[in-house]
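The values are calculated or read from the model by the stated rules, or taken from the named source; none is laboratory data. As the structure is a computational prediction, the values presented were derived from the model and not from experiment. Cβ coordinates were reconstructed from backbone atoms using ideal geometry, including for glycine residues, and neighbour counts include every protein chain displayed.
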Amino acid sequence: MSKHLHLVLGKLLYVALFVTIQVAALIVMFLFFRDQFAYFYIFCMLLSLGASIHILNNTTSNPAYKIAWLIPILLFPIFGGLLYLLFGKYRMTRKQRASSRAIRKQIATVMESEHIAADHLETLPPDAAIQARYLLRASGSPPCVHTQTEYLPIGEAFFDALLRELETAESFIFLEYFIVEEGTMWNSILEVLERKIKQGVEVRLMYDDLGCLLTLPRHYDRVLRAKGLRVCVFNPFNSVLSPRFNNRDHRKICIIDGKVGFTGGINLADEYINAYAKHGHWKDTGVCLRGSAVWSMTVQYLALWGFTSGQVDSFSRYCPPAAWVESIAPDGVVLPYTDLPLDDDLVGETAYLNMIHRAKKYVYITTPYLIIDNEMMTSLCTAAKAGIDVRIITPHIPDKKTVFFLTRSYYEPLQKAGVHIYEYTPGFIHAKTMVCDDEYAIVGTINLDYRSLYLHLEDAVWMYRSSAVSDVKQDFLRTQEISQEMHPEDLGRIGWLKQLWLGILHAFAPLV
């Protein structure tokens, strides 16, 4: 057994043991209350009743999310309320609220001057101005004009561009990824980072602990700190019995000197650059920004770093020189934004919906998962029925069979409305893109599923008339050429057992 595999298994055994102890504690408590079961039962029933009332009175929650929680509470009243208390809604501690307020205040201060740049919103066409104004108010990031965009249509191109830009770092490198795994990609990046640290460059890495559960050994952060990196592990995974379990950092960000920023669907692991075939050919995409919009990404990064670590930085010292920013030639309008599950504003979904609602010719979408709520389903069907050319590309080779089965179940109602759905036959498409009318495009980390739209921390870039918009469209059309258009007869008949299983999956889709 290799040393790496041994360490990963050690991490899994640690987590399994920790969870087993907690489950055993619950069983002991149940046995302890056995002689007083009537009182215990009444307490649990009242707890479930209170949880049900709270769910019904929450006017900001999606109806599907409410139903998904009410079903287990009604079916299992003894434990349903307890489960909702544990997993239903994460609430910040008093310390976290204080930290969040301090960070928001600092963001408002450092971004105040940037909002002046939003004055040119009034010069934009109404449809573009509405979308940009919403993202400005929802995420605090202003639309930027002094930003060059480079669309990266495959993981290998992203990797080459990332290594190229990392070599130019002179001041700092900020990295934030859902998955990091030792291998060709990460080892090559780490080698550059170690050299840059010796040159005096500040290097930070933030990664999600659950995302890296099977890819990094336990205490890997200590290994990296010994190399000189500043490391922050988001939401350490010590137990599933935590209200924060579902809130994962799914963002993928790299910032270099506050001048260059990367994001997209690509994590730092070998399957993303096709160094090995995990699910056939892996199709993924990213975008590289150079200019004023990178400052918004820097602020977003430092805000989450401060919230997670409790260490508030002086944001302004990471701001690039104004003269350098103004030297960047305009390339349309660029607006990076984030979506956080700690509020009730579904920024990621609303950005997609805004684009669909204002489409006049076409909307082309790539997504690895298609598990959508009523709002998204209605918007896509309405657009198609109105004559908008709506096309969606999903994977043909799944990474999760149950999720793939659920994704395919959404095809039929969309197809009946006139939406064209294709599957990427060479393998797995992990790209999260939307392009519309040769004018708008979104490239980021946000899947069309409940986890991305409701539970995860996500980020993306909205672009209007940037050079990358045309590149996103052309890449979609090239990808469509090697994809198979799906028809109802292609999926075959679903037996009654699968129909039953599918009904259960649909009911609990918001929690999957």
Of everything in region 388-408 that's of a type in the set (A, V, I, L, M, F, W, C) and closer than 21 Å to ASN267 by Cβ, which residue is surrounded by the most Cβ atoms within 10 Å (Cβ to Cβ)?
ILE393
Could you please find all residues in region 271-298 being touching a helix residue (DSSP H, G or I) at 6+ places or on another chain (Cβ under 8 Å), surrounded by fewer than 22 Cβ atoms within 10 Å (Cβ to Cβ) and at pLDDT 95 or above?
ASN274, ALA275
Answer residue from region 476-507, given it is surrounded by 15 or more Cβ atoms within 10 Å (Cβ to Cβ) and among the aromatic types (Phe, Trp, Tyr) and is nearest to ILE67 (Cα to Cα) among those:
TRP501
Counting only helices (runs of 4 or more DSSP H) wholly inside region 146-252, the ones holding at least 2 residues that are under 30 Å from ALA329 (Cα atoms) are 155-166, 184-198
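Rundown of residues vs (1) crowded, with 19+ Cβ neighbours inside 10 Å; (2) touching a Phe, Trp or Tyr at 6+ places or on another chain (Cβ under 8 Å); (3) not in a loop (DSSP other than H, G, I, E, B), yes/no style:
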residue	(1), (2), (3)
TYR352	yes, no, yes
MET355	yes, yes, yes
ALA359	yes, no, no
TYR364	yes, yes, yes
MET377	no, yes, yes
CYS381	no, no, yes
ALA384	yes, no, yes
If I go through region 162-203 residue by residue, how many of them are more than 19 Å from ASP221 (Cα to Cα), among the small types (Gly, Ala, Ser) and either surrounded by 17 or more Cβ atoms within 10 Å (Cβ to Cβ) or not assigned by TED's automatic domain parsing to the domain that holds ILE253 (or both)?
1
Among residues of region 218-239 being over 23 Å from the mean Cα position of the chain (by Cα) and modelled with pLDDT under 90, the residue surrounded by the most Cβ atoms within 10 Å (Cβ to Cβ) is ARG218
So for region 304-313 (the condition being assigned to a loop (DSSP other than H, G, I, E, B), β-branched (Val, Ile, Thr) and either at pLDDT below 95 or closer than 27 Å to GLU485 by Cα (or both)), does at least one residue qualify?
yes
Cβ-Cβ below 8 Å, separation at least six or inter-chain, first residue in region 393-405 and under 18 Å from ILE482 (Cβ atoms), second of a type in the set (Gly, Ala, Ser) and at pLDDT 90 or above: which pairs?
ILE393/SER483; PRO395/GLY427; HIS396/GLY280; HIS396/GLY427; HIS396/SER483; ILE397/GLY280; ILE397/GLY427
I'd like to check something: does region 206-224 contain any residue that is under 22 Å from LEU163 (Cα atoms), among the basic types (Lys, Arg) and either touching a strand residue (DSSP E or B) at 6+ places or on another chain (Cβ under 8 Å) or not assigned by TED's automatic domain parsing to the domain that holds PHE428 (or both)?
no
Within the set of pairs 6+ apart or on separate chains, which have a first residue in region 278-300 that is under 23 Å from PRO330 (Cβ atoms), a second that is of a type in the set (Val, Ile, Thr) and part of a helix (DSSP H, G or I), and C-beta atoms under 6 Å apart?
SER292/VAL325; VAL299/ILE107
Show the residue pairs that are 6+ apart or on different chains and have beta-carbon atoms under 6 Å apart, the first residue being within region 452-472 and closer than 23 Å to ARG248 by Cβ and at pLDDT below 95, the second being surrounded by 24 or more Cβ atoms within 10 Å (Cβ to Cβ) and of a type in the set (Gly, Ala, Ser).
LEU453/GLY348
Could you check, for region 409-416, whether at least one of its residues is modelled with pLDDT under 95, in the same structural domain as PHE234 (by TED's automatic domain parsing) and surrounded by 19 or more Cβ atoms within 10 Å (Cβ to Cβ)?
no
